[in-house]
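Remarks on the structure that follows.
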Amino acid sequence: MKSPLLSLPGAVSAEGVDEGVAAHYGDLFREQRALADGTGFVDLSHRGVVAVTGADRLSWLHLLLTQHVSDLPVGRATEALILSAHGHVEHALYLVDDGTTTWAHVEPGSQDALIAYLESMKFFNRVEVTDRTGEFAVVHLPAGSIAEVPEDAVVRETSYGRDLFLPRADLESFAQDRGEDGSAGAGRHGPAVGLLAYEALRVEQHRPRLGFETDHRTIPHELGWIGSAVHLQKGCYRGQETVARVQNLGKPPRRLVFLHLDGSEVHLPPHGTELRLADEGPEGRKIGFITTSVRHHELGPIALGLIKRNVPVDARLLADTTAAAQEIVVEP
């Protein structure tokens with residue numbers, strides 16, 4: 001679904017799964033600084049929006065999700081996963097309940113598979129699951145933003161900012177809203193900021209993203225999702241046996257790391273670039289891979305990577321031929 005905000009001056013479309021929204025509006029580092037300063041907004045209207053209504057919605061979701069949501073307070077943001085029977089991550093949901101509806105935004109294009117699974121698990125519960133992607137768009141306001149929130153938006157407030165579920169028909173007017181004096185320009189919501197800036201701050205904050213930091217065998221412990229998206233004291237859900245076994249009896253096979261990349265390289269190593277120990281050189285054994293790499297306005301080129309748990313924490317790495325120094329995200 002192509003965003004109308006791609007018509008804004010300087011907009012360059014993102015690629016791949018993020019196609020349909022702007023990667024940037026002509027000045028990546030200025031846009032990053034705006035977000036870091038708590039100004040501007042990010043168009044996330046390509047993300048899927050799923051709504052669950054009905055009297056049993058929270059108790060029913062509680063049975064299916066990794067998060068404790070049976071008594072989720074109105075307006076409190078949370079995140080949750082759906083796991084396979086073997087404990088591998090299949091879906092990541094970013095949730096808020098407004099008192100009558102539980103709203104979730106999910107990875108672009110993943111809503112159909114998610115809804116199909118939820119529908120298969122309804123049984124006799126009083127719930128309705130609806131794809132609202134065509135009607136609602138997600139817009140992100142950064143932490144510290146004092147921008148006015150439209151009255152008809154559902155708000156999901158987190159430590160890193162607010163996600164607005166905004167009527168899609170209002171998206172263009174939201175972006176073009178003018179200040180109280182009627183002046184043109186950024187208006188009350190600040191400048192439009194592209195997805196590359198949002199991703200740079202996500203990597204800096206060590207926040208994993210489904211399909212980027214995950215693969216077909218990812219378990220929650222590897223990415224630091226225990227606590228933030230997985231509640232360890234709730235009832236049964238699919239995949240819980242794996243979560244409990246790893247938590248109580250062992251360690252995950254891999255761990256997420258934050259990487260400082262060699263700033264002299266012109267190109268960033270793309271997703272999937274193999275990681276090796278620098279001491280073994282470019283032909284050494286593979287010990288992991290790059291999940292997301294970005295250029296940060298202060299830190300330079302940085303990345304997230306997934307590596308084998310037993311890699312020494314002080315080992316220097318190579319992403320293909322690019323030197324990388326690691327910082328711990330998930331303890332070995």
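Excluding V74 itself, calculate the net charge of residues whose Cβ lies under 14 Å from the Cβ of V74, where each Lys or Arg counts +1 and each Asp or Glu counts -1. Could you put the intermediate results ahead of the total?
Numbers: positive: R57, R76, R156; negative: D71, D97, D98, E157.
Net charge in that neighbourhood comes out at -1.
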**OP:** State, as an integer percentage, the relative contact order of region 116-168 based on alpha-carbon contacts under 8 Å between residues 6 or more apart.
**Re:** 37
Original post:
Setting aside same-chain residues fewer than 8 positions from K308, which lysines have a Cα under 17 Å from its Cα?
Top reply: K251, K286
Original post:
About its Cα centre, what dipole magnitude does the chain give when the only charges are +1 on Lys and Arg Cβ and -1 on Asp and Glu Cβ, stated in debye to the nearest 20?
Top reply: 1060
**OP:** Treat each spin label as a single point 7 Å out from the Cα along the C-beta direction, and report the E15 to E135 distance in nm.
**Re:** 3.6
**OP:** Filter the trypsin sites (Lys or Arg not before Pro) in region 284-332 to those in DSSP coil with at most 10 other Cβ atoms within 10 Å of their Cβ, and list the result.
**Re:** R285
Original post:
Using the alpha-carbon centroid of each, what span in Å lies between region 1-46 and region 91-120?
Top reply: 24
Original post:
What length, rounded to one decimal in nm, is gained on full extension from E274 through to L299, with 0.36 nm per residue of separation minus their alpha-carbon distance?
Top reply: 6.8 nm
Original post:
Can you give the helix-only mean residue ellipticity at 222 nm for the chain, where every DSSP H stretch with n ≥ 4 adds -39500 (n - 2.57) and the sum goes over all residues, rounded to the nearest 500 deg cm²/dmol?
Top reply: -4500 deg cm²/dmol
Subject >> Potential lengthening between A325 and A169 on full extension [0.36 nm per residue; Cα-Cα distance subtracted] >> reply: 51.6 nm
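Values quoted throughout were computed directly from the atomic coordinates according to the rules given, and no laboratory measurement underlies them. Nothing here was measured: the structure is a model prediction, and the numbers come from that model. Every residue, glycine among them, receives a Cβ derived from its backbone with ideal geometry; neighbour counts consider all protein chains shown.
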